[in-house]
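The values are calculated or read from the model by the stated rules, or taken from the named source; none is laboratory data. Note that the coordinates shown come from a computational prediction; the quantities given were computed from them, not determined experimentally. For neighbour counting, all protein chains shown are included, and Cβ atoms are generated from backbone atoms with ideal geometry for every residue, glycine included. The protein model used for the area step is the full one, side chains on, heavy atoms only, and it has no ligands, DNA or RNA in it. Shrake-Rupley method; radii C 1.70, N 1.55, O 1.52, S 1.80 Å.
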Amino acid sequence: MRIIENITDMRAWSDAERRAGRRIALVPTMGFLHQGHLSLVRDGRRRADRLVVSIFVNPTQFSPGEDFAAYPRDFERDRELLEEAGVDVLFHPAVAAMYPQGAETHVEVERLSLPLCGAMRAGHFCGVATVVTKLFNIVLPHVAVFGEKDYQQLQVIRRLARDLCMGVEIVGHPIVREADGLAMSSRNVYLNDVERRAAVCLSRALCKAKRLFTRGERSAPALLRAVESELAAEPLARVEYAKLCDAETLEEIDRIEQPALLALAVRIGKARLIDNHLLARR
Ligand code: AMP
């Protein structure tokens, strides 16, 4: 596995691979890897001849007061895991290389960035859209894999790639969970033992709504009442939002007539946890 930190070197590698007719997959991450990331990596591996994984804790997607400085990092461990997973290039640029002095261009996916996490984290999706655009321009992938755990992010990136004619295929990968249902996240390390046990309330609430949906419940208020009562039973959970939206547009809905996204953001201790289920007729 090659480790590339320099943008020019990364693009030169990708140019050469493309000239040789090889297909490149990219899995962007912020590192501190877990099995969720590694599942995306295996997916990417299957979809192309060459696989690039980026590790970049992107400052512009953190709002002031968020956990940019404290965000967990362990480059050595990540390097070993990616080496074992058969990754061809680990792209690990410095912040100063990605955001040189005087940078003044950014990318805004206007409407999809507004609801859910966008309403709570000002500028977050602008930071995400901008850094993903830069990563695509540097790595020149044919295909890029993103987790459905960050469903709104996935929709923002799908729209971005389409609207700006990027020619990158965007693949969504299902949420990978711990045995008790908690969605894996680098931020789960913020949880102490008691909080970790409490954190299962998110997936439990989602499963409860899913059961009601499977039995035929289509009313958003009824489904959200079930979710909220489940979350209210956990004293450590501070709900930021629990919403039912159209799975494509992310607009809030009152009844489920088309595939819908049930999305949660809940604070437990220092951690802000997000999770979601798609509610769609099979
Ligand atoms: P992050 O390092 O948190 O920015 O995540 C990098 C990529 O991994 C994003 O596309 C995430 O959606 C995805 N991801 C993170 N956690 C999970 C998970 N539990 N299941 C599936 N994908 C995930």
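Of the residues making up the stretch 11-39, those that are more than 8 Å from the ligand (Cβ to nearest atom), among the hydrophobic types (A, V, I, L, M, F, W, C), within 27 Å of GLU148 (Cα to Cα) and not in a strand (DSSP E or B) number 1. Just one of the numbered conditions (1) closer than 19 Å to VAL52 by Cα; (2) open to solvent by 10 Å² or more (accessible area, probe 1.4 Å) is not true of PRO115; which one? PRO115 satisfies every listed condition except (1). Quick check on the stretch 41-54. Is at least one of its residues in a helix (DSSP H, G or I), within 12 Å of the ligand (Cβ to nearest atom) and either among the basic types (Lys, Arg) or open to solvent by 20 Å² or more (accessible area, probe 1.4 Å) (or both)? Yes, because at least one residue in the stretch 41-54 is in a helix (DSSP H, G or I), within 12 Å of the ligand (Cβ to nearest atom) and either among the basic types (Lys, Arg) or open to solvent by 20 Å² or more (accessible area, probe 1.4 Å) (or both).
Inclusion of ARG19 among residues that are free of Cβ contacts under 8 Å to residues at least 12 places away in the same chain, charged (D, E, K, R) and over 30 Å from MET120 (Cα atoms) is warranted. Being in contact with a strand residue (DSSP E or B) (Cβ under 7 Å, 6 or more places away or on another chain) and closer than 28 Å to PRO174 by Cα is not true of VAL107.
For the stretch 85-201, the helices (runs of 4 or more DSSP H) that sit wholly inside it and include 3 or more residues that are under 23 Å from GLU252 (Cβ atoms) and more than 12 Å from the ligand (Cβ to nearest atom) are 116-120, 124-139, 151-163. Output yes when any residue across the stretch 120-128 is buried (at least 19 other Cβ atoms within 10 Å of the Cβ), at pLDDT 95 or above and closer than 20 Å to MET10 by Cβ, and no when none is. The answer is yes, given that some residue of the stretch 120-128 is buried (at least 19 other Cβ atoms within 10 Å of the Cβ), at pLDDT 95 or above and closer than 20 Å to MET10 by Cβ.
Against the test of being buried (at least 23 other Cβ atoms within 10 Å of the Cβ) and small (Gly, Ala, Ser), the options ALA198, ALA209, ALA179 yield a single qualifying residue, ALA209. Could you please let me know if GLY65 is open to solvent by 20 Å² or more (accessible area, probe 1.4 Å) and within 22 Å of the chain's Cα centre (by Cα)? Yes, satisfied.
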